[in-house]
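A short worksheet on the structure shown next.
The values are calculated or read from the model by the stated rules, or taken from the named source; none is laboratory data. Worth saying up front: this structure is predicted, and the values here are computed from it rather than measured. As a convention, Cβ positions derive from the backbone with ideal geometry for all residues, glycine included, and neighbour counts pool all protein chains shown.
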Amino acid sequence: MRAPRIGPFAAAALACVTLGTGLAAPAAAGSLPGFDTWLADVHQAMSGGTQYLDDRTQRGGSKLAIVTDIDNTALETYYRPGHATQDVLDFAEHAKSLGVSVLVASYRSDASDAKNALTGVGYPVDRVCVRTSGEKHATDTKQRCRKEYAAAGYTIIANVGNRPGDFTGGNYEKGFKLPDYDEQLS
């Protein structure tokens, strides 16, 4: 069963109530915002994503792909473990409907478990890349995974994550940065 979705007007109203400006403030050190605020912030971060995919796929290319992180990106790990992050799921499903591969780069250590966690909530996952035993930092894993995907011939047109390290090193055309509240939400 999918999580209930906040519509764009409700999300915008929630964000405006939170700050009065439509933008969410970073959480104070040691605290994270509530679930509704996080959802509104995710919605804002993914705003325009499906239109970007439509525009980008019209330009063509071979082996187009998106890459997503898992925890607090594809899945609501902190707020509702085991539930899909609806805006990211919609993005992945739209990518797949356009013939774009859905790839995963995660600091988790078991690719099979990671894929099952995602496919179990509806993600159309093509490939999963996880940390190797020698990698001590998630940033290293994410960089290696994107390099491996690029070496396999994929053109990564979008990269979705919530931590700065999810975007370090390139090998993608456009990033969609979800909130991490000063790296408190891993």
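General observations
- For the residues 180, 166, the requirement of being surrounded by 20 or more Cβ atoms within 10 Å (Cβ to Cβ) and either aromatic (Phe, Trp, Tyr) or closer than 15 Å to residue 66 by Cα (or both) singles out 166.
- Verdict on residue 103 being part of a strand (DSSP E or B) and surrounded by 20 or more Cβ atoms within 10 Å (Cβ to Cβ): yes
- Test for residue 48: is it at positive phi, at pLDDT below 95 and exposed (fewer than 15 other Cβ atoms within 10 Å of the Cβ): no
- Among the residues of this structure, residue 96 counts as one that is surrounded by 14 or more Cβ atoms within 10 Å (Cβ to Cβ) and of a type in the set (D, E, K, R).
- Which listed residue is crowded, with 20+ Cβ neighbours inside 10 Å, assigned to a loop (DSSP other than H, G, I, E, B), at pLDDT 95 or above and hydroxyl-bearing (Ser, Thr, Tyr), from 79, 149, 123: 123
- Each residue in the range 126-146 was checked for being in a helix (DSSP H, G or I) and among the small types (Gly, Ala, Ser), and 1 of them qualify.
- Test: residue in the range 26-35 that is within 26 Å of residue 115 (Cβ to Cβ), under 16 Å from the mean Cα position of the chain (by Cα) and either part of a loop (DSSP other than H, G, I, E, B) or at pLDDT 90 or above (or both): no
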